[in-house]
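Undergrad: Let me give you the structure first, and then I'll get to my questions.
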Amino acid sequence: MSARVPLAGVVGAPVGHSLSPRLHGAWLSRYGIAGHYVPFHVAPSDFEEALRAMPKMGVVGVNVTIPHKVAALELADKASDAARAIGAANMLTFGADGSVEAENTDHYGFMANLRAGAPDWRAAGTRALVLGAGGAARAVLYALCEAGVAEIYLVNRTRETAERLAEVFVDPVRVAPWEDASDLLGAVDLVVNTTSLGMTGQPPLTFPLDGLRAGQVVTDLVYAPLETELLRAARAAGAMAVDGLGMLLHQAVPAFERWFGQRPDVDEDLRRTVLG
Ligand code: NAP
């Protein structure tokens, strides 16, 4: 009998926009691996049933995207510390017995991208400003806390959501009013936009960006467009700007390695292929 060809994919609703099939497909062909990575459109009401069926169909693991990330963690038999702390999973691996193991690799992707884009960046002594308190912000806060960032100002349009996050990531996180975001821009060493503002089809960031200055690192999770208004203003001010595409590429590394047995590289060629 021939060895089984690994089958993996991404589960979401919608899922057609996901760049993950193109990304994993590029790695499969680069490393000459016999495997498949496909999009699965699954409605929330069918999520559990689909998940239970997947290991029986030979699926070794799936990435999970909107709107299933919280349900994925809740349905898992086992979860990593990161997934628990972040409160969501973006990677599920199936055991031979059908068991489900949940991980969250967004925090890894964020930090790997930051370190690749700003190699001189150091966590020690750093003061950071995080804009937004949604799902992505949780992964960013986890990564910054794990790295040992000294002070994190968290601002969000809806202050209560930020307050709830500050209760989870207690030590370095201070909630500040959304109205103070512009003033705080100049007072920190690292600025991270985790809101959807600036994304194609969304409004731009609503406050002045003229506080940005040389010596800072500014990163935006939004990657469509690649060069957001925030990153353009950062570059114009002489700050180091790190775009969000790298986070998407790096967060996929642990999944590819686990399911297809090869630690893949993230490089310019991959960025070009994924951008099409
Ligand atoms: P989410 O959970 O829906 O959170 C959205 C955030 O944006 C919230 O903080 C929300 O504030 C804020 N926001 C939305 N509209 C706003 C407005 N008009 N004014 C002020 N704040 C506003 O979404 P998410 O999953 O965290 O994703 C956020 C962004 O990160 C998206 O653009 C997503 O594509 C991107 N992302 C990128 C990567 C990557 O790999 N690069 C990974 C994950 C996410 P309220 O709490 O006040 O609503």
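Read the figures in this text as sums done on the coordinates, not as results from a lab. As the structure is a computational prediction, the values presented were derived from the model and not from experiment. Reconstructed Cβ throughout: ideal geometry from the backbone, glycine too, with neighbour counts over all protein chains shown.
Undergrad: How many angstrom lie between the Cα centre of the stretch 201-224 and the Cα centre of the stretch 112-148?
TA: Their Cα centres are 15 Å away from one another.
Undergrad: Moving to a separate point now. Can you check what the Kirkwood hydrodynamic radius comes to for the chain, Cα pairs only, in Å to one decimal?
TA: Working: mean 1/r = 0.0516 Å⁻¹.
Radius from the Kirkwood sum: 19.4 Å.
Undergrad: Grab the other residues whose beta carbon is less than 15 angstrom from that of THR200, score K and R as +1, D and E as -1, and report the net. Write down the numbers at each step before the final one.
TA: Details: positive: ARG232; negative: ASP220, GLU227, GLU229, ASP243.
Around THR200, the surrounding residues sum to -3.
Undergrad: Scan around VAL242 for amide H atoms under 5 Å from its own, H built in the peptide plane at 1.01 Å from N, and keep only partners 5 or more places away or cross-chain.
TA: Amide H neighbours of VAL242, under 5 Å, 5+ apart: VAL218, THR219, ASP220.
Undergrad: What's the Cα-based Rg to Rh of the stretch 7-104, Rh via Kirkwood?
TA: Values: Rg = 12.9 Å, Rh = 13.5 Å.
Radius of gyration over Kirkwood radius for the stretch 7-104 works out to 0.96.
Undergrad: How large is the helix-only mean residue ellipticity at 222 nm for the chain, computed as the sum of -39500 (n - 2.57) over DSSP H runs with n ≥ 4, divided by its residue count, in deg cm²/dmol to the nearest 500? Present the calculation step by step, with values, prior to reporting the outcome.
TA: Values: 12 runs with 102 residues, N = 276.
The helix-only estimate for the chain comes to -10000 deg cm²/dmol at 222 nm.
Undergrad: For the chain, what relative contact order do you get, as a whole percent, if you take Cα pairs closer than 8 Å and at least 6 residues apart? Spell out each step's value before the answer.
TA: On the way: 533 pairs, mean separation 43.9, N = 276.
The value is 16 percent.
Undergrad: If packing is taken as the average count of other Cβ atoms within 10 Å, what order do 157-164, 129-136 fall into, highest mean first?
TA: Numbers: 157-164: 14.6, 129-136: 23.0.
Result, highest mean Cβ count within 10 Å first: 129-136, 157-164.
Undergrad: Further, regarding this structure: Shape of the stretch 107-247 from its Cα gyration tensor (a ≥ b ≥ c, root eigenvalues): rounded if a/c is under 1.5, otherwise prolate when a/b > b/c, or oblate?
TA: Values: a/c = 1.30, a/b = 1.11, b/c = 1.17.
Judged from the Cα gyration tensor, the stretch 107-247 comes out rounded (a/c under 1.5).
Undergrad: ARG157 versus GLU74, label points 7 Å from Cα toward the beta carbon: distance in nm?
TA: According to this spin-label approximation, the distance is 2.5 nm.
Undergrad: Hey, another quick one. Using alpha carbon centroids, what distance separates the stretch 248-276 and the stretch 34-49, in Å?
TA: Their Cα centres are 20 Å away from one another.
Undergrad: At a 10 angstrom cut-off on C-beta neighbours, averaged per residue, how do the peptides 100-107, 19-26, 76-83 rank from highest to lowest?
TA: On the way: 100-107: 24.4, 19-26: 19.5, 76-83: 17.2.
With the highest mean Cβ count within 10 Å placed first, the list reads 100-107, 19-26, 76-83.
Undergrad: Now a separate question. I'd like to compare 240-251, 262-273: which one has the highest average count of other Cβ atoms within 10 Å, and what's the full order after that? Before the final figure, lay out the partial values.
TA: Numbers: 240-251: 22.4, 262-273: 14.2.
Result, highest mean Cβ count within 10 Å first: 240-251, 262-273.
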